[in-house]
1. If you stretched the chain out fully between residue A:236 and residue A:353, how much longer would it get, using 0.36 nm times the residue separation minus the C-alpha to C-alpha distance?
2. Are any of the pairs A:252/A:288; B:215/B:260; A:374/A:465; B:257/B:350; B:411/B:438; B:376/B:427 more than 30 Å apart by Cα-Cα distance, and if so, which?
3. Taking every DSSP beta bridge that has both residues in the protein assembly as shown, what percent is antiparallel when rounded to the nearest 5?
4. Answer rounded, prolate or oblate for region B:68-245, using the Cα gyration tensor with square roots of eigenvalues a ≥ b ≥ c: rounded when a/c is under 1.5, else prolate when a/b is larger than b/c, else oblate.
5. Under 5 Å between amide H atoms, partner at least 5 residues away or on a different chain: which partners does residue B:222 have, H built in plane at 1.01 Å?
6. In square nanometres, what is the average projected area of the Cα convex hull of region B:352-438?
7. Any idea what the relative contact order of chain B is, in percent, if you count C-alpha pairs under 8 Å spaced at least 6 apart?
8. List B:215, B:419, B:126 from most exposed to least, where exposure is judged by having the fewest other Cβ atoms within 10 Å.
Amino acid sequence: MRPRLVIIFMLLVLTPLGLLAWLGVKSAKDERHHVAERFRQVFDGQLADIEQIIGKKVGELERQLHATSDIRIPTAENIRSIIRRERLARQIFVIGTDGVFLHPLNSEESTRQEREFFERTRSIWDSGARFGQRDAESNGQLPGKATQYSKTRKPSDPVQKLKYQKGKGQALNIKSVSPQELAPLSDPASGWHSWFWGDGLNLLYWRQPFPGGPVIGIEIERMVLLSDIVAALPTETGVGSGRMVLADARNKPLFQWGDYEQSERELPLTERGLGSPLEMWRLRYFSKDNPGSGPLNTRTLTGLFGGLSAAGVTLLGLAMYFYRENAREMRTAEQKVSFVNQISHELKTPLTNIRLYAELAEEKTGQDADPDLKKCLGIVSEESNRLGRLIGNVLTLAKRDRDAALRLTAADVDQVIKSTVEHFLPAFKKAVMEISINLSCPGNCMFDADAIEQILANLFSNAEKYASSGKLIRVSSRRYAQDIEIRVEDRGQGVAKELREYIFEPFSRLNDKLTEAASGTGIGLSIARDLARQHGGDLRIEDSKDGKGCCFVLSFTAFEEDTNA
Amino acid sequence: MKLTEKILLPVLLASGFIIAVPASAKQVKLEVAMAEPLILAEKKNTTFIKVGLTGFDFTKNGTDRAPVNVAIVLDKSGSMDGDKIIKAREAAKMAIRRLNENDIVSVVLYDSTVRVIVPATKVSDKDAICAQIDRIAANGSTSLFAGVSKGAAEIRKFINKERVNRVLLLSDGQANIGPKSPGALGELGGALIKEGISVSTIGLGSGYNEDLMFKLADRSDGNHAFAENGLDLVRIFDAEFGEILSVVAQEVLVKIKCDKGVRPVRVIGRDAEISGSNTTVLLNQLYSGQEKYIILEVEIPAGHAKTTRKIANVELSYANMTTNTTDVLASTVAVRFTNVENEIAENTNKDVMANCMLQVGTMENNRALALRDAGKIEEARKVLLDNGIRLQAAGHRWGSKDLSLYGAQNKSDAGQLDKKNWLLNRKKMRDTQYKNLKQRGY
């Protein structure tokens, strides 16, 4: 009983606690997700601000490049001196109307730097990429070349072409653009082109001052571009103790600021790609308390743990209360049983005396005595027997928990049956019941005669009480080697199939008209089955052979007769 | 050869002439000379031209020195912890104490991030600046690129051609945030010089990337030096500041226009732009009393004996830091052909030849370094030993102690190629190469 109770109480405590914990964690996660979302919005805003700084810088540089590309007399000497002072320009090239390089030339006169330029940019010219619009395009002088423009701006678009031609004068008048105007210039005949060479992406800026005229291109000094952007970026984050990172295409940091040290594989709280021409770079924000990932933070966990502990204590208290209540009831019940037990013991001695003297009195009265007196004595004897059985049952019940050992003796099964039947004859007679006995289990064997007698007495008592309407009780015995089977059949109402196990439960009484009339304790069958099982057998209920009433089958194994006994 | 010719020849061959310069103002000294003024006739010759530029002296009390605009960019990554950071602080403070209120200084720290602890400011309250420096503690990784970028940004706030604009970078470790290749940092240096900003790089200890530091200084025409320990660092910092405070000329542009038929082959040890017969070299500055030179290797077509041939015109323009004017100087150089072979050696300009040999020897030293990098230790050793012998012989021949010492140094380098010594000795080799190629003053 106890371990089962403990398990039940544990379940009682742990199930709601588990449920609470799950709900708690879930709601904390939801909350955290919500907070993370808000965080993300805030930092998205910050990233957008940073992107704007970069955009502004790129705009500035673009205007600078625009001005630089305004070369009136593109001689080699001029261009070289521009490169000598223009930080952003690694190399400057000029492509003529016919698609042929005007500068640099791949010749004796070219410098080492110029020859290296052709090396670096070979993939561009090999791919057939062209910048601006060519005269040759209209008269088809370059049939072999694929018409492929830099991806940023396409002056080949007819609408743009038209617009561009209208704005021709403006395009030549670059220096009139106010330096305060920070948005990048939207000159349709200029653009960016990117290509891979060496250890990364390279950029060039091109511009075609006249439609169909020469294209001037500036190869960007990548490190200057990055250095200028780095110089423009802040060194501390505005709010939050996070880490802002400008990362390259492989997510390697190029520049970073803020107090937080992110680990190498850490995922950012939020990130943002940059616009053209720096689309290969990203801005990423990392935060110390990234609310969107990783384990719940300590504060949330502490709160959750506190709540759960309180709930646990309450539940445990309740469980303890119920457990103690239950234990008290159990104790009271045990006391009651022990009291009944003691009383029964106390009753046993006087009852034995009563039976003894009643029998003595019957003997002394003899055959010719007063029939009334005889009847009275018979009733006394019979009732004291019944009382004796009751007390026996109560004592057996009390003993059962202590697992009393069998008292094996050599006896004749049939003899035991007969003597028990004899005890009941007066009762059966009174109930007008016929008894038919068919015994075929002769000879001695080892078994607990008292136990078998008690079982039979319980069965007969039940038959008398509940099946007297059947007017017949049939008792039979059989033996297969050491297996003995005793059947007690009646022709009463029988027991419904679904209730057949229930009647063996202790203190159970079928609540119907039948049982209402008779008094009973509800322990008889339970004791009978326990005794049978203790004896290595069983007591079960079957349908009667005539299809009416019920048939109790007692089976048990007799032990080999002990020759030493 | 006649006596008169002997006297006349050098005068004739190195006759510098000055254009459009007031006679009273101090001038940078331009000396153009052939290593071999007399060359073998009827034969194509390859020889060297030396263009020497010497900064004039300041007045004795140094009051006429140019104001400076310096960004001190300090590595405060974790590896700097301990004595290194203490000495770095000391060196920086000592440097700042040498400045005056006309100068501008900024202090930038870098680790995994960059912080400008002293934004570009006039050096009026030295104590406040030093107090900021005293707070520096070392930790984190190394954003070298961003450190230099931010340092340059501080310089730009007050950039002025009349100031000496200099980023002074200290690093003891490998750059690990942002661009980190010598090439990338070289590109940055090459762009900074266009703004008149030089980067001087000081490598501390055995952990830094000497190629990166070399290249960054080289392309921006700053100085590069190796400091073995904290004490060394204080000395170098001081020497570097001495240089910065003695700049007499900036934006020094040298154009060497070779005569028709004479082909410029290469400039040894310096970044140059060679196009056809024209060679252009840009130096960011000249220091007081210090000679910087350019060695140009030229190919001269065959000539007849006893004839003189003009080799090149040299034009020099620079911003004079004391007068704040742009001064222009020019010179010309010629050779004379001879049939008498022993006359050639007799007439060789020993000093020029020694300079040339030092450059060639240094390039050879660098070749050995590349071989060692490629794992060819034995080949590297042989190159160094041969180089040492050649340099010592040349030192003896041209009467140059420097050459002999460098020869001995090469021999010693040959013994330092094993794994144990290489890390440190490679830095020392790079340091000496820089000193030789760029005529570092300390």
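1. Separation in residues times 0.36 nm, less the Cα-Cα distance, equals 31.4 nm.
2. In this structure, B:215/B:260 exceed 30 Å between Cα atoms.
3. Working: 121 of 158 bridges.
The antiparallel fraction comes to roughly 75 percent.
4. On the way: a/c = 1.43, a/b = 1.08, b/c = 1.33.
Rounded.
5. The answer is B:199.
6. Numbers: hull surface 19.0 nm².
Its average projected convex-hull area is 4.8 nm².
7. 19
8. Going from least to most buried by this count: B:419, B:126, B:215.
Each reported figure results from applying straightforward, stated rules to the coordinates on display, with no laboratory input. This structure is a prediction, so every number in the text was calculated from the model and none was measured. Please note: Cβ atoms are built from the backbone with ideal geometry, for glycine as well, and neighbour counts cover all protein chains shown.
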